[in-house]
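Asker: I am attaching a structure below and will ask some questions about it afterwards.
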Amino acid sequence: MADRMTKEQRHRCMSHIRSRDTRPEMAVRKSLFAAGFRYRLNVRTLPGTPDIVLRKYHTIIFVNGCFWHGHEGCRHNVIPQTNRSFWAEKIERNRRRDAAVQARLEALGWKVIIIWECELDPVRRGDSPSRRELTLASLPERILQNARDSQEERESRKRAVEEYRLEKKMSAARKRYRSLDMSDRYSISPRIAAESSAGPQDDDWTSELD
């Protein structure tokens, strides 16, 4: 079937689709608030303007629509028969952008949680517990685990910096000892002794780890 909408008509239709305060996103917010978590919304200073930011726990949450973000294997992710190439290309661009945003956030030290629309489908009769209930119930522990992981990573970096600085001090002490030992054993001018005991200087990369 041919696409009967003009480019301008399609743009107007898509501009009316809500991207914030969606029903799945509101369900996640209410669940977090009830569990005692406090957060910020749509932080523009972070890559991708994340839906939910829990700075205290070093965690970012995206609540993604399965169709718009190309959730593989999901029943909601069905390419329309009308103008398939347009929709396929658009969704693929969204997926590439999402991957790039997540990589940038993780490089900045954030833990990223993706919650898909299908994981928050309304409760169905007979479901006990429902997928929605399981998703929301597991979220607090995922956030707390992120906080623990972030703390452990910071402590590991701190230990690496301290070990490097200690090694530099020990190396300097060994050089001084060799210089004094040479002066005691041989009659060598101070300049030559200093040059012979001096080794290549490593770049100080501790600032990158602090």
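Asker: For the stretch 53-71, state whether one or more residues are under 22 Å from the mean Cα position of the chain (by Cα), surrounded by fewer than 16 Cβ atoms within 10 Å (Cβ to Cβ) and either assigned to a helix (DSSP H, G or I) or in the same structural domain as ASN146 (by TED's automatic domain parsing) (or both).
Answerer: Scanning the stretch 53-71, I find at least one residue that is under 22 Å from the mean Cα position of the chain (by Cα), surrounded by fewer than 16 Cβ atoms within 10 Å (Cβ to Cβ) and either assigned to a helix (DSSP H, G or I) or in the same structural domain as ASN146 (by TED's automatic domain parsing) (or both), so the answer is yes.
Asker: While we're here: Please specify each residue of the stretch 115-150 satisfying the condition of being polar (S, T, N, Q), surrounded by fewer than 13 Cβ atoms within 10 Å (Cβ to Cβ) and modelled with pLDDT of 95 or more.
Answerer: SER138, the sole residue that qualifies.
Asker: Name the one entry in LYS168, LYS158 that is part of a helix (DSSP H, G or I), more than 17 Å from the chain's Cα centre (by Cα), at pLDDT below 95 and surrounded by 13 or more Cβ atoms within 10 Å (Cβ to Cβ).
Answerer: Criteria check complete, one pass: LYS168.
Asker: So which residues in the stretch 160-176 are in contact (Cβ under 8 Å) with a residue 24 or more places away in the chain and among the charged types (D, E, K, R), if there are any at all?
Answerer: ARG165, LYS168, LYS175
Asker: Still on this model: Among the numbered conditions (1) surrounded by 13 or more Cβ atoms within 10 Å (Cβ to Cβ); (2) in contact (Cβ under 8 Å) with a residue 24 or more places away in the chain; (3) hydrophobic (A, V, I, L, M, F, W, C), tell me where ILE79 comes up short.
Answerer: Going through the list (1) surrounded by 13 or more Cβ atoms within 10 Å (Cβ to Cβ); (2) in contact (Cβ under 8 Å) with a residue 24 or more places away in the chain; (3) hydrophobic (A, V, I, L, M, F, W, C), ILE79 breaks only (2).
Asker: Hey, VAL112 hits all of (1) modelled with pLDDT of 95 or more; (2) assigned to a helix (DSSP H, G or I); (3) not hydroxyl-bearing (Ser, Thr, Tyr) but one; which does it fall short on?
Answerer: (2)
Asker: Any residue that is assigned to a loop (DSSP other than H, G, I, E, B) and either at positive phi or modelled with pLDDT of 95 or more (or both) - is there at least one of those in the stretch 81-102?
Answerer: Within the stretch 81-102, one or more residues are assigned to a loop (DSSP other than H, G, I, E, B) and either at positive phi or modelled with pLDDT of 95 or more (or both).
Asker: Under 9 Å between Cβ atoms, which residue pairs at least 6 apart in sequence (or on different chains) link something in the stretch 143-157 that is under 23 Å from GLY36 (Cα atoms) with a partner that is loosely packed, with under 14 Cβ neighbours inside 10 Å?
Answerer: Here the result reads ILE143/ALA35; ALA147/LYS56; SER150/GLY109, each pair linking the stretch 143-157 to a residue that is loosely packed, with under 14 Cβ neighbours inside 10 Å.
Asker: Is it true that some residue in the stretch 63-70 is without any contact (Cβ under 8 Å) to a residue 60 or more places away in the chain and under 30 Å from ARG157 (Cβ atoms)?
Answerer: No: the stretch 63-70 contains no residue that is without any contact (Cβ under 8 Å) to a residue 60 or more places away in the chain and under 30 Å from ARG157 (Cβ atoms).
The values are calculated or read from the model by the stated rules, or taken from the named source; none is laboratory data. Computed from a predicted model, the values in this text were never measured in an experiment. Note that we place each Cβ from the backbone using ideal geometry, even for glycine, and neighbour counts take in every protein chain shown.
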